[in-house]
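Working notes, structure below.
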Amino acid sequence: MSSKSNEAAKNKPETSKTIHSFMDAVAWEAEQYAADHTSPMSPLLEEIENYTLNETNYPSMLTGRVVGRFLQLIVTLSGATNVIDIGTFTGYSALAIAEALAVEGRVLTIEHNSTSADIAQAFFARSPHGTKIDLRLGEAINILQSLPDKSVDLVFIDADKTNYPAYFRESMRILREGGLILADNVLWYGRIFKPQDEDSKAVAAFNEEVNGNDRAEKLFLTLRDGLYLIRKTPNSPLSPSFSSPD
Ligand SMILES: C[S@@+](CC[C@H](N)C(=O)[O-])C[C@H]1O[C@@H](n2cnc3c(N)ncnc32)[C@H](O)[C@@H]1O
């Protein structure tokens, strides 16, 4: 680049576009850096990652190392033993959760695509933690509605976006007091800021419903494509949201 255009470029006012591409560049580099500075996952999870990135049509649907490790830490730190994984795909999040669960722990993972379910099941069969995983083939909302109240410790929401609000309501019903929800893709690639399509409108509505729910303690994490960490607050007289049971 000639010194003249160098000079011109240097003096060109920073446009939001420039900042955006700079942020995208930083975001991408930060993502790489975060993955490289996060504990590696098990060889089988790394194999699922490679398989998904190279052999499937939707590699971007994979949860991946950073969110996978975050899930494992939440399982370990919370002591959760009864977990629901909504959206199995090739099995990454379900197996990551199972690896972090204690021996008596169980994860119910739900998938409506039988091809993906078969792929995931084949990986689970090769893991010493596979016996902790119960894969249910079917529509997630129907299976969630069949579960009893207050019977679950943690729910990971990572399936069809249009159902996110319904998954939140069902999760708040089946969770025990103090139970946790982790919802993935709550930034939805930035489309939530000006939602146009059904998926973006549903994720934006989900975020508003969570934000407005006074039985939910919430933390919106801008990790990868956005992760919402939600705790169902106990219905105690001390909590502002107390509603007397009688
Ligand atoms: C983002 S992927 C899940 C990624 C996975 N959690 C992982 O760790 O890589 C979403 C999955 O949810 C499944 N899915 C979408 N809508 C569903 C529904 N209504 N009921 C059950 N599964 C559904 C899709 O077939 C897809 O495999």
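Gap in Å between the Cα centre of the stretch 29-99 and the Cα centre of the stretch 136-204?
Cα centres, the stretch 136-204 to the stretch 29-99: 18 Å.
Figure the gain on full extension for Ser78 and Arg126 (residue separation times 0.36 nm, minus the Cα-Cα span) and round it to one decimal in nm. Before the final figure, lay out each step's value.
Details: separation 48, 0.36 × 48 = 17.28 nm, distance 2.67 nm.
Residue separation times 0.36 nm, minus the Cα-Cα distance, leaves 14.6 nm.
Translational D (Stokes-Einstein, µm²/s) of the stretch 20-232 at 4 °C and 1.567 mPa s when Rh comes from the Kirkwood sum over C-alpha pairs?
Details: Rh = 17.4 Å.
It diffuses with D of about 74 µm²/s by this estimate.
Mind scanning Lys161/Lys194; Lys132/Lys201; Lys150/Lys194; Lys194/Lys232 and naming the pairs with a C-alpha gap bigger than 27 Å? Walk me through the intermediate numbers first.
Details: Lys161/Lys194 16 Å; Lys132/Lys201 35 Å; Lys150/Lys194 35 Å; Lys194/Lys232 29 Å.
Result: Lys132/Lys201; Lys150/Lys194; Lys194/Lys232 exceed 27 Å.
Hey, any idea what % of the stretch 20-232's accessible area is carbon plus sulfur with a 1.4 Å probe? All intermediate terms of the calculation are to be shown ahead of the outcome.
On the way: 5590 of 10280 Å².
Solvent-exposed carbon and sulfur of the stretch 20-232 make up 54 percent of the total.
Length gain on complete extension for the stretch Glu208 to Thr38, per 0.36 nm per residue less the alpha carbon to alpha carbon distance?
Working: separation 170, 0.36 × 170 = 61.20 nm, distance 3.08 nm.
Gain on stretching Glu208 to Thr38: 58.1 nm.
Along its three principal axes, how long is the stretch 122-199 when you only count alpha carbons? Whole Å, largest extent first please.
So the extents along the principal axes, rounded to whole Å, are 44, 31, 23.
Students often get this wrong: which residues of the stretch 88-112 have the backbone nitrogen under 20 Å from the point 7 angstrom along Cα-to-C-beta of Leu219?
Counting only backbone N, you get 97, 100-101.
Give me the accessible area per residue for the stretch 21-150, probe 1.4 Å, as a whole number in Å².
Working: 6730 Å² over 130 residues.
Roughly 52 Å² per residue, with all protein chains present.
Give me the distance in nm between label points sitting 7 Å out from Cα along the Cα-to-Cβ direction at Ala30 and Asp118, one decimal.
Computed distance between label sites Ala30 and Asp118 equals 4.2 nm.
The values are calculated or read from the model by the stated rules, or taken from the named source; none is laboratory data. As the structure is a prediction and not an experimental result, all values here were calculated from the model. Cβ coordinates were reconstructed from backbone atoms using ideal geometry, including for glycine residues, and neighbour counts include every protein chain displayed. Note: areas computed on protein heavy atoms with side chains; ligands, DNA, RNA excluded. Shrake-Rupley method; radii C 1.70, N 1.55, O 1.52, S 1.80 Å.
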